[in-house]
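Single-structure report; data block below.
What follows draws every value from the coordinates through simple rules; no lab data is involved. Bear in mind the structure is a predicted one, so any value in this text is a computation, not a measurement. Here the Cβ positions follow ideal geometry from the backbone for every residue, glycine too, while neighbour counts run over all protein chains shown.
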Amino acid sequence: MTRKTFLLPVTMLLLLVLFGCGGIRYSQVAPEAKDFHPKRIGVLSADVGTYEEARGVIDQIIAGVLIDTKWFTDVVAADVINKQMQSSEELRKVFLDYISKLRAVNYSDPDLSRKLGEMIKVDAFLLVNVDYWNYTKENDDKVGKVVMGVKMIDAASGKIMWIAGHHEVAAYILMKPALSDVAKSLVKRMIKEMPH
């Protein structure tokens, strides 16, 4: 075997290892998702935990990326849903009851989900959590890092059609990258994996 015939397969394997990891860290699609094609999707306000600077910003980014895909006839942004909740005690109660059950016992209540979908007039909605939104060091490199999880729920059935989690890192030397730019890159990558 010549050196050239040996190096070619090794080089190809290395390229596959480097570029083949282009997917996201975690993505699980429900079997029913192959027949699920929502026309209207809602983006519920992200649970930002302790990362207050992400509040509102991540919601706008997600809605903007969804609109850019042109997959849906309408994207109902979190700020629109929040305004509806402010003016409707019933909607606020349905939302809080649904979220409480989902967080406490990991149960997506189909009745509450259906009511929520009907009230905000969507076929599906996204629940987003921001797990990290900060500047840090990784392997002696300074980085801006955003970590996020997403659930897509079929409003009519309450079925969780898609769960995903991923992170995006942007290294820097002097100028910190805007975390909103890091988040936008992350959202674009994750949304590509979303059933529609």
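For segment 149-195, the set of trypsin sites (Lys or Arg not before Pro) satisfying both a DSSP loop assignment and a count of at most 13 other C-beta atoms within 10 Å is given as Lys192. Couplings 3J(HN,Hα) for segment 87-100, derived from phi with the Karplus relation 6.51 cos²θ - 1.76 cosθ + 1.60 (θ = phi - 60°), are 9, 9, 4, 5, 4, 4, 5, 4, 4, 5, 4, 4, 5, 4 Hz, where x marks Gly and Pro. Of all DSSP-defined beta bridges confined to the chain, some 80% are antiparallel rather than parallel. If the segment from Glu90 to Val105 were pulled out straight at 0.36 nm per residue, it would be longer than the present Cα-Cα gap by 3.2 nm. Taking max minus min of the alpha-carbon positions on each principal axis, segment 24-191 gives extents of 50, 35, 33 Å, largest first.
Work out the FRET efficiency for Ile173 and Asp97 from their Cβ-Cβ distance, taking R0 = 45 Å, and round it to the nearest 0.05. That gives a FRET efficiency of 0.40. Helix-only arithmetic for the chain: the sum of -39500 (n - 2.57) across DSSP H runs with n ≥ 4, divided by the residue total, places the mean residue ellipticity at 222 nm at -13000 deg cm²/dmol.
Label positions at Asn129 and Glu193, each projected 7 Å from the Cα along the C-beta direction, are separated by 1.6 nm.
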